[in-house]
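The values are calculated or read from the model by the stated rules, or taken from the named source; none is laboratory data. All figures in this text were calculated on a predicted structure; none of them were measured in a lab. As a convention, Cβ positions derive from the backbone with ideal geometry for all residues, glycine included, and neighbour counts pool all protein chains shown. To get the accessible areas, we keep the full protein, side chains included, count just its heavy atoms, and leave off ligands, DNA and RNA. Shrake-Rupley method; radii C 1.70, N 1.55, O 1.52, S 1.80 Å.
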Amino acid sequence: MSLTATSLVPPASVSRLWLLESVGALRSRVFGAVVARHRSWLGLGRAALAAGAGVKPHALAEIEHGSLPSLAVAYAIGDALGVDLAELVYETESQIAGVPEPARPAVARRPRPAVTVVRNRPRAFGVAVSRYRLGLGLSLDELAERAGLCVAELADIESGDLPSLGCALTLADALELPADRMLHETRHHATYGRDTDYCLDQMTMPRHISSAVPSPQTT
């Protein structure tokens, strides 16, 4: 009997990998539609938004048609749209859950973040992942297995390497929390240079994020 790569993986792992891929494909399509909707609300062509985000127009077209970008590019697109990435992700997850598409927002767009905030994002995301992992009492190996990552890749992320947006969302799933909450905490840490205080979270988070599960204690 010939052995394939799949036949060497335990059935439970195969099922989990299939589920991760299925959810990832759905998120890709919906996130692209969310980006396209916000671009339309601003009256921007693809070329204009691509220029604002620092990507090629064809790359933006691929994203809007269902290709999840890197987390760095996703942040850049949110900055160019004047929308926090946590909000774009929240809209994505809400639509997947069956919530109707939102109406055009009346609130003002966010100004572009300071250069220091952009520079701090990779480390801030890694801190958020590590903080929640420790709060759940998980080792690197255990979280890596949950998220379908190799341990070295997860260690690099916690040390400041930004993953793809799909990987970031999968990590949030593995950490049992809404992805928009983790991204909000990343923004706070990148802006203020310290871990988010849970009481401050409750006062400053959008309502849908502040109602999420309590922040785990750090160890």
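Structure notes:
- All alpha carbon pair distances within segment 79-148 were sorted into 10 Å bins beginning at 0; the resulting P(r) in whole percents reads 15, 31, 33, 19, 1.
- Förster-model FRET efficiency, 25 Å R0, residue 103 and residue 44, C-beta, rounded to 0.05: 0.85
- Surrounding net charge for residue 99, when Lys and Arg each add one and Asp and Glu each subtract one, Cβ distance under 11 Å: -3
- Global form of segment 68-196, assessed from the alpha-carbon gyration tensor, a/c cut-off 1.5: oblate
- Gain upon complete extension [residue 119, residue 139; 0.36 nm per residue less C-alpha separation]: 4.5 nm
- Charging the Cβ of each Asp and Glu at -1 and of each Lys and Arg at +1, and nothing else, the dipole of segment 76-129 about its Cα centre rounds to 380 debye.
- Projected label points at residue 176 and residue 152, each 7 Å from Cα along the beta carbon direction, are separated by 3.1 nanometres.
- Ranked by the mean number of other Cβ atoms within 10 Å of their residues, highest first, the peptides 38-46, 171-179, 146-154 come out as 171-179, 146-154, 38-46.
- With the charge dipole of segment 37-146 set up from +1 on Lys and Arg Cβ and -1 on Asp and Glu Cβ about the Cα centre, the Cα lying farthest toward the positive end among the listed residues 113, 124, 134 is that of 113.
- By a 1.4 Å probe calculation restricted to protein chains, residue 96 has an accessible surface near 70 Å², given to the nearest 10.
- Peptides 88-94, 51-57, 25-31 ordered by average Cβ neighbours within 10 Å, highest first: 88-94, 25-31, 51-57
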